[in-house]
Amino acid sequence: MTERTLILVKPDGVKRALSGEVLRRIEAKGYTLVAVELKHATPELLAEHYAEHVGKPFYAPLVDFMLSGPVLAVVAEGERVIEGFRSLAGTTDPTTAAPGTIRGDLARTWDLPVIQNIVHGSDSPESADREIGIWFPAL
Ligand code: DAT
Ligand code: MG
């Protein structure tokens with residue numbers, strides 16, 4: 001079934017000039033770009049986006065990190081794109097993310113209070129609907 005997902009190139013990816021590389025991988029896989037916009041997050045927007053993580057020990061450093069620079073917000077469309085992009089991204093910890101994935105190829109673990117792993121991707125159809133509404137209310 002054709003679906004849409006919300007992808008973010010996080011501040012580490014934008015700073016390292018990897019936005020184009022992430023878009024290239026999304027397009028090379030055959031997904032369609034529906035919306036692409038450089039945005040600055042706010043604490044309020046992140047509290048919605050990361051609602052499931054509010055109160056966890058890494059939440060405050062996660063917010064600081066996500067506010068440390070612009071993010072590239074992307075809506076991509078395609079057959080099973082939600083799980084497909086999660087697979088392209090690789091697992092959360094970049095040290096053990098599989099080679100061939102965005103996180104596995106392009107990130108490593110730093111001695112930081114929060115994991116910096118270049119990209120976000122929605123994890124379910126419900127999350128995708130919610131997150132697209134947060135980042136692209138006009139869509
Ligand atoms: P994912 O981004 O793979 O969906 P998540 O939703 O569990 O992972 O967490 C959101 C982000 O928060 C994740 O990309 C990196 C950071 N993070 C998650 N768990 C962490 C932990 N135990 N320590 C530090 N940072 C963490
Ligand atoms: Mg997540």
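One table, with the values for the structure above:
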{"item": "Boolean, Asp105 is open to solvent by 80 Å² or more (accessible area, probe 1.4 Å) and away from ligand 2 (no atom under 13 Å from the Cβ)", "result": "no"}
{"item": "Only one of Val75, Val34, Val63, Val22 that is of a type in the set (A, V, I, L, M, F, W, C) and farther than 14 Å from His120 by Cβ", "result": "Val34"}
{"item": "Pairs with Cβ under 7 Å, 6+ apart, first in the stretch 115-139 and under 14 Å from Ala76 (Cβ atoms), second modelled with pLDDT under 95 and open to solvent by 40 Å² or more (accessible area, probe 1.4 Å)", "result": "Ile132/Leu139"}
{"item": "Single match in Thr101, Thr109 (criterion: more than 12 Å from the chain's Cα centre (by Cα) and more than 22 Å from Arg24 (Cα to Cα))", "result": "Thr109"}
{"item": "Filtered residue count, the stretch 1-59, keeping only those that are within 16 Å of ligand 2 (Cβ to nearest atom), among the hydrophobic types (A, V, I, L, M, F, W, C) and not in a strand (DSSP E or B)", "result": "7"}
{"item": "Breaking point among (1) part of a loop (DSSP other than H, G, I, E, B); (2) away from ligand 1 (no atom under 15 Å from the Cβ); (3) farther than 26 Å from Ala138 by Cα; (4) in contact (Cβ under 8 Å) with a residue 12 or more places away in the chain, for Gly69", "result": "(3)"}
{"item": "Qualifying residue in the stretch 56-64 (condition: more than 15 Å from the chain's Cα centre (by Cα) and of a type in the set (A, V, I, L, M, F, W, C))", "result": "yes"}
{"item": "The stretch 113-139 - residue that is near ligand 1 (Cβ under 8 Å from one of its atoms) and open to solvent by 30 Å² or more (accessible area, probe 1.4 Å) and, of those, modelled with the lowest pLDDT", "result": "Pro113"}
{"item": "Test set (1) within 17 Å of Thr5 (Cβ to Cβ); (2) surrounded by 12 or more Cβ atoms within 10 Å (Cβ to Cβ) - Glu52 fails condition number", "result": "(2)"}
{"item": "Tyr31, sole failed condition from (1) closer than 27 Å to Thr2 by Cβ; (2) surrounded by fewer than 16 Cβ atoms within 10 Å (Cβ to Cβ)", "result": "(2)"}
{"item": "Any pair with Cβ under 7 angstrom, 6 or more apart, that starts in the stretch 78-99 at a residue that is within 11 Å of ligand 1 (Cβ to nearest atom) and ends at one that is open to solvent by 40 Å² or more (accessible area, probe 1.4 Å)", "result": "Arg86/Asp123; Gly90/Ala98; Thr92/Ile115; Asp93/Thr109; Asp93/Ile115; Pro94/Arg108; Pro94/Thr109; Ala97/Thr91"}
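The values are calculated or read from the model by the stated rules, or taken from the named source; none is laboratory data. No experiment lies behind these values; they were computed from the predicted model shown. We place every Cβ from the backbone using ideal geometry, glycine too, and count neighbours over all the protein chains shown. These accessible areas exclude ligands, DNA and RNA; they are computed on the full protein's heavy atoms, side chains included. Shrake-Rupley method; radii C 1.70, N 1.55, O 1.52, S 1.80 Å.
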